[in-house]
Amino acid sequence: MTENDQHIILKLGKKFLLLATILVMLDILYRVTLYPRDRERYCTLMQYAQIPVKDSTDIIYLGESSNHSYSPADKDQRAISDMIDDMLPGHKVARLSKDACHAGIYYDILRNIPRKNPVQTVIVTVNMRSFSSEWIYSDLEKPLQKEQIFMRKAPALYKRMLLAFKAYAHWTESERTKLVREGFKKQTLDLPYYFPYKNANDWDHAIGSQCYLYNGKKVSQDTIALTCHYIKDFAYQLDDKNPRIQDLDKIVKLCQRRGWNLIFNVLADNMDQIKVLAGPDLEFLMKSNVQYLIHRYEPQGVKVVNNQYMVRDRDFFEREFPTEHYNQHGRHMVAEHIVERLKE
Amino acid sequence: MLFNSIEFILFFPIVTILFYLLPHNYRWLMLLGASCFFYMWFIPKYILILLITIAIDYTAGILIEQWSDDAKLKKRCLIVSIISTCLVLFIFKYLNFCSANFVALAQHFGWAHPNKILNIALPIGLSFHTFQSLSYVIEVYRGNQKAERHFGYYALYVMFYPQLVTGPIERPQNLLRQLHEEKTLNYDNIANGLRLILFGLFLKMVVADNLGQYVDQIYANPQDFNTLDITLGMVFYSFQIYGDFFGYSSIALGCALAMGFTLIDNFKAPYQANSIQEFWRRWHISLSTWFRDYLYIPLGGNRVAVPRWALNTLIVFTVCGIWHGANWTFMIWGFAYGVLLILERGLRNIHVFDKIASRSGKTIIKVVNIAKTFVIVTLLWSVFRATSFANLHDVFSAWIHNSSVASQLHVNAITWIALAAFIVIDLILKQNRFDKWCGEQHPYTRWILYAVMIFSIIVFSSVQHYPFIYFQF
């Protein structure tokens, strides 16, 4: 390095130091002026974290669309969380639910609840579809990730910069489809007996390319499409590499630190339909995944409420696509089961 | 990789620092690797297409030089090289368009036809690096450039990351020569490079993206907006595309300059041009000079009879339109420019205009001409922006008929301020470059300007994702 180079580097160093000072000043300026407005505008989830304190609630119900979706035929249109609230006199339940939320989002909401809070119990909805790559790379993930940026622990200006430079999932549709497909290939299936498909992708392709179900029954293309959806959503085997498991782990640790009781509300899926369409192999996988959650989290003091078989086929009001949207009876069953475990 | 992404904020300093840390002999390798990485961030497999183009023109360059004594063989080699390079471009960019039009035509006349349309995505920047590659073989053929024997340097000439995706379309005499030169650490280069990057990000993220949200609204549902809204939308698009592309070019120039490479200036205040001809001398200069040197002049340029010149002009501008995209709207856009240039030359020969000009104040005439040129350019950008003929029809139909509809366009203050700032900057800079102008200012003014720009980029940029407009070409 020549003397001239050293001189230039020193000069550049001074300029970068000046730049860093300007950035610190701009951060202060931003924090006191536009940051509160931006946080309100770009991060509605942040407001969720304030609800327990504002409304003095001792129970938090974190959920997604399964909580507040209802059938048009329902006379009782209460959300699951509202039903729990009504079933527990003397307690107040905060309803923090937003479509397509998952453990990663719940963790950020919980983390942002102010230190001084009346919360005693946290109910976290565990949607078994949320572990699949279909949900991990869902197109609903982009707005959620955008909101998550403002929930980070970082300087205000840095968070706005991440938003400006699109430091979140902004996949194009073709990129997203590719990621989902690659994800299915990684959803390897290692069953304790002979099973012809290596992963969800193979299984989906095998079923999708014919008009017969596993039992040789000839069905319509719509039924095949629905079966494929079930396979893509549930044909995986949980392990600690799954990002949602990592999020759940973080929630467990956070609740332990904050002294909150934690309940994992494993949502009911349409097992009646799954058994008929995809057969016992998928049912076996789904059951073992719930068992994995129970064995992983119950020893850590988490109550895992297993609702997997709780809601029957007739209580699912959406039939063309796998959802956890129950009618009033279904929601009531889930709420009742949770309250039962809460009272234990 | 996008220039306005968080990945690039990391990529740029790493590559620049590595460039200066490495000995000159290894820099090309690092830059080539970085350029591949930059390109493969989009769709990795498309690098193979790029490599095919590189291999064809690299080989052609050497063969043309070897056969310099045999004019016929040399010419054949050039033709083969041009055809094969253009074939790649045709397959990926125009085949779908041609087959779709053929199918439509066949359906119209009731012919039997294979109803097949290929579903191929256009590799990013294909038109740009194809043209850059072509300029190399043509220059070697003309004897203006020695054939590059080092494959790595030639590949780097085509793939140099700052200008790989959206230009400027470089000439071998400029870039290839510089790639061989040993660059030393230079404070001014780094400072000017960073200034250009900052300016480019401001234009893209604050000006273009904020305008873009309104333009998108209007062009998606023109029938919902009134005449004034649509007029604003058209004007906004003129500045959006300028800010977007000028922004990209500035960042490209800045990235290259930080390593000591000087690229062609792509813009010189195009909206201050007082004629269409002048507009094309100031807008996308690297493309317009490409067409001038490799198509217009070989066709005879203006040293031919007027009808032939008119034909040449129409050919060049129609091809220029098609170059932008495989769509009839682009073709019409290019053709219209050709017609306008012919008319402009015709009107210039009518002396009554000269008399008016001599009698009236020159400044007023100039302002009127600038305004006239801007209006024409803006109207033609509407053709360029329209997604189809139907969309174009909807836009113009609403523009004409919706005068009494209530305004639906609610433009926020940030957008107006950003637009005003852009116009002021453009007027101040004239044909000067931002980095040079900035360097002439008092340090206090300069640093206040940096702070304002940084704050605006971070806080006032649009949160919607808008890829660079020219990426699609």
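No value in this document is a laboratory result; all are computed from the given coordinates. Since the structure is predicted, the reported quantities are computational estimates derived from the model, not experimental observations. Heads up, the Cβs are rebuilt from the backbone with ideal geometry, glycines too, and the neighbour counts pull from every protein chain shown.
Some observations on this one:
- Once the Cα-Cα distance is subtracted from the 0.36 nm per residue extended length, the B:T184 to B:N25 segment shows a gain of 55.9 nm.
- Cross-link reach is defined here as a Cα-Cα straight distance under 16 Å, omitting same-chain residues fewer than 8 places apart; for B:K372 the lysines meeting it are B:K362.
- Out of every Cα-Cα pair that the protein assembly as shown contains, those further apart than 37 angstrom amount to 56 percent.
- Where the alpha-carbon atoms of segment B:189-472 are placed on the principal axes, they occupy 55, 49, 44 Å, in descending order.
- Quick note on chain A: its Rg to Rh ratio, both from C-alpha atoms and Rh being the Kirkwood radius, is 1.05.
- Reachable lysines, given that their alpha-carbon falls under 29 Å from the alpha-carbon of A:K14 and they are not under 8 places away in the same chain: A:K153, A:K159, B:K183, B:K204, B:K436
- Neighbour counts of C-beta atoms inside 10 Å place A:S133, B:S81, A:S138 in the sequence A:S138, A:S133, B:S81, starting with the fewest.
- Average silhouette area of segment A:13-98, convex hull of alpha-carbon atoms, in square nanometres: 8.9
- Dividing the mean sequence gap of close Cα pairs (under 8 Å, 6+ apart) by how many residues chain B holds gives a relative contact order of 20 percent.
- Cα pair count fraction exceeding 13 Å, expressed as % - segment A:136-179: 53
- Straight Cα distances below 23 angstrom link B:K74 to the lysines B:K146, with same-chain residues fewer than 8 positions distant left out.
- Percent of Cα pairs exceeding the 22 Å cut-off, where the set is segment B:6-184: 52
- For a paramagnetic label modelled on A:V24 (point 7 Å from Cα along Cα→Cβ), amide N atoms under 16 Å away belong, within segment A:154-189, to A:155-158.
- Relative contact order (%) - segment A:35-343, alpha-carbon pairs under 8 angstrom, separation at least six: 22
- Where both bridge residues fall in the protein assembly as shown, DSSP classifies roughly 15% of the beta bridges as antiparallel.
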